[in-house]
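These notes are about the structure you will find just below.
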Amino acid sequence: MIDFSDLLQLSKSLRVSEFVILREYLQILFLNYFYSLPNSHNIVFKGGTALRLMHLSNRYSEDLDFTISIKNKDLEKMVFVTIKKMSDQIIEPITVKTLLTPVGFSQRLSVQTSHSKIPLTIKLDFSQRERVIFPVQSTITTTLPVALFSPITYMDTKEILAEKFRAITNRHKGRDIYDIWYLLRRNTLIDPVLIQKKLDYYQEKYDPKKIVEIIQKWNTKDFDQDVRGFLPEKDRNIIPIVISNLLEDLNPRLEKIITSNIG
């Protein structure tokens, strides 16, 4: 388990709470052991935490999201083995609660550590409804004291962006808005065909104007409340300008796509 003095030092240098760092430490441990197992190449890591750990976003994240192409019973065995290996390393009990969902299943890991008064939880979401089109593979890059050895199979930025566009049409989370802003700042390609493929699972049509309208409805106060706790202190000053900057960046790109489709 990470030493408490190391945790405090990292919290001070990274300007984020000890709880957030500890959660990321446990996330990385899980991924490292999980992807050391046979068949793990059939499981693709995605979402906000993949954006953080594999694509170096400055936004911390809570859940571990995956798309899977294996049977649930095989996956449960993999999670069981992973948790056993984690427990052996951190010497702390880990409890697991499993929930079946219409498109896969979820598990909630709870860890009671000596570093925190309340249990630290990590939600694992496994989706079976679709296949990943652009999986890539590499190890995690981190400053945390974890010996990394497992190559992680994860989603590339273009496909994460497509899923984030889908996400904002179906839920109201400022973290999705922030992630879209981050991806566009990295000049990630907006692929209308890929976005439509993602929306097909909800039987929806891709409408660039609707995307803009959804973002315009966000107010800075609600956005701030949702993302502040996931950003290092030094990066929080950008929160008030993210939505306006995103719209400035997004509008000409979407207009270009609309024009090319008409042509």
Notebook entry, point to check: Under a straight-distance cross-link criterion of Cα-Cα below 15 Å, which aspartates and glutamates are reachable from Lys197, leaving out those fewer than 8 residues away in the same chain?
Noted result: Glu130, Glu159, Glu163, Asp207
Note to self: Let me make sure I get this right: for the range 117-263, a, b and c are the square roots of the gyration tensor eigenvalues over alpha carbons, sorted descending. Under 1.5 in a/c it's rounded, otherwise prolate if a/b > b/c, else oblate. Which is it?
What the structure shows: oblate
Checklist line | Over 25 Å (Cα to Cα) - which of Lys164/Lys221; Lys198/Lys221; Lys12/Lys173; Lys46/Lys85 fall in this group | finding: Lys198/Lys221; Lys12/Lys173
Margin query: For a quick size check, give me the Cα extents of the range 214-259 along its three principal axes, largest first, whole Å.
Written below: 40, 20, 13
Next item on the list: Compute log10 of I(q)/I(0) for the chain with the Debye formula, placing one identical point scatterer on every Cα and leaving out solvent, at q = 0.12, 0.15 Å⁻¹, to two decimals.
Entry: -0.76, -1.16
Checklist line | Tail fraction, Cα-Cα pairs, the range 4-155, threshold 19 Å, whole percent | finding: 52
Note to self: Suppose each label sits 7 Å from its Cα in the direction of the beta carbon; what would the Ser87-Ile238 distance come out to in nanometres?
What the structure shows: 4.1
Item checked: Crossing angle, helix 157-170 versus the chain [Cα axis fit, 0-90 degrees, rounded to tens] -> 80
Next item on the list: Quick one: among Leu99, Leu22, Leu51, which has the greatest mean-square fluctuation in a GNM of the chain with alpha-carbon springs under 10 angstrom?
Entry: Leu99
Check: What number, rounded to the nearest 500 deg cm²/dmol, is the helix-based mean residue ellipticity at 222 nm of the chain, given -39500 (n - 2.57) per DSSP H run of at least four residues and division by all its residues?
Finding: -15500 deg cm²/dmol
Note to self: I want to verify a result. In a Gaussian network model of the chain, Cα cutoff 10 Å, which of these has the top mean-square fluctuation: Ala167, Ala50, Ala147?
What the structure shows: Ala147
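Every number here is computed from the coordinates shown, using simple stated rules; none is lab data. Worth saying up front: this structure is predicted, and the values here are computed from it rather than measured. Positions of Cβ are backbone-derived with ideal geometry, glycine not excepted, and every protein chain shown enters the neighbour counts.
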